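Since the structure comes first, as structure tokens, the remarks are kept for the end.
The values are calculated or read from the model by the stated rules, or taken from the named source; none is laboratory data. Small disclaimer: the values here were computed from a predicted structure and weren't measured. For neighbour counting, all protein chains shown are included, and Cβ atoms are generated from backbone atoms with ideal geometry for every residue, glycine included.
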Amino acid sequence: MMDLSLVFDSEKAREPIISNIVLKTGILINILNVKINDEGGIALISVPDDDIQVLINLLEKQGIKVTYKKTIQIDNELCIECGACVSLCGVKALTYGEDFSVKFNENKCIYCFLCVDSCPRFAIKSKESDQIS
């Protein structure tokens with residue numbers, strides 16, 4: 001499975017693009033997270049590796065920008081291990097290590113970015129990965 005980030009405008013947010021692709025192709029798409037506002041939105045999906053290129057082509061034809069998932073980056077120089085991020089992380093992607101430093105497990109992260117907003121020292125930033133197409 002590979003995680004992809006989909007960026008779309010507000011018009012596309014009202015269309016059942018992913019549903020139509022699933023019905024047309026049978027590709028299993030797991031929607032991990034979606035954020036939509038009046039300007040558009042971003043969705044994080046997980047897709048079987050064998051179906052990546054077909055899915056990317058179909059999404060691009062619909063005007064969706066496809067990139068690798070976003071992730072977070074912790075600046076250890078700024079982090080004071082206060083635990084604000086750890087306490088909000090419902091999937092335990094952020095935990096304390098044995099030395100009480102904040103540890104990040106990207107495999108558990110669902111990219112809700114609550115940790116980014118909660119950090120009083122702005123030590124956690126969202127980091128965009130490379131664009132696929």
Can you tell me which residues in the stretch 102-124 are at pLDDT below 95 and assigned to a loop (DSSP other than H, G, I, E, B)? 105, 106, 107, 108, 109, 110, 111, 112, 113
Criterion violated by residue 33 - all others in (1) free of Cβ contacts under 8 Å to residues at least 60 places away in the same chain; (2) buried (at least 16 other Cβ atoms within 10 Å of the Cβ) satisfied: (1)
Residue within the stretch 70-79 that is modelled with pLDDT of 95 or more, crowded, with 17+ Cβ neighbours inside 10 Å and touching a Leu at 6+ places or on another chain (Cβ under 8 Å) present: no
Just need a number here: residues in the stretch 58-105 that are outside the structural domain of residue 121 (by TED's automatic domain parsing) and free of Cβ contacts under 8 Å to residues at least 24 places away in the same chain. 1
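For the stretch 118-131, enumerate the residues that are loosely packed, with under 12 Cβ neighbours inside 10 Å and farther than 19 Å from residue 43 by Cβ. Even if it seems obvious, please write down each step before you answer.
Taking the stretch 118-131 as the starting set, the residues that turn out to be loosely packed, with under 12 Cβ neighbours inside 10 Å are 120, 122, 127, 130-131.
Within the stretch 118-131, 120, 122 meet the criteria.
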Residue hits (the stretch 52-89; in contact with a Lys or Arg (Cβ under 7 Å, 6 or more places away or on another chain), of a type in the set (A, V, I, L, M) and closer than 30 Å to residue 18 by Cα) are 64, 72
Please verify whether residue 46 is at pLDDT below 95, within 17 Å of residue 6 (Cβ to Cβ), touching a helix residue (DSSP H, G or I) at 6+ places or on another chain (Cβ under 7 Å) and outside any helix (DSSP H, G or I), treating the condition exactly as stated. no
Could you tell me how many of the residues in the stretch 1-22 are of a type in the set (Asp, Glu) and within 19 Å of the chain's Cα centre (by Cα)? 2
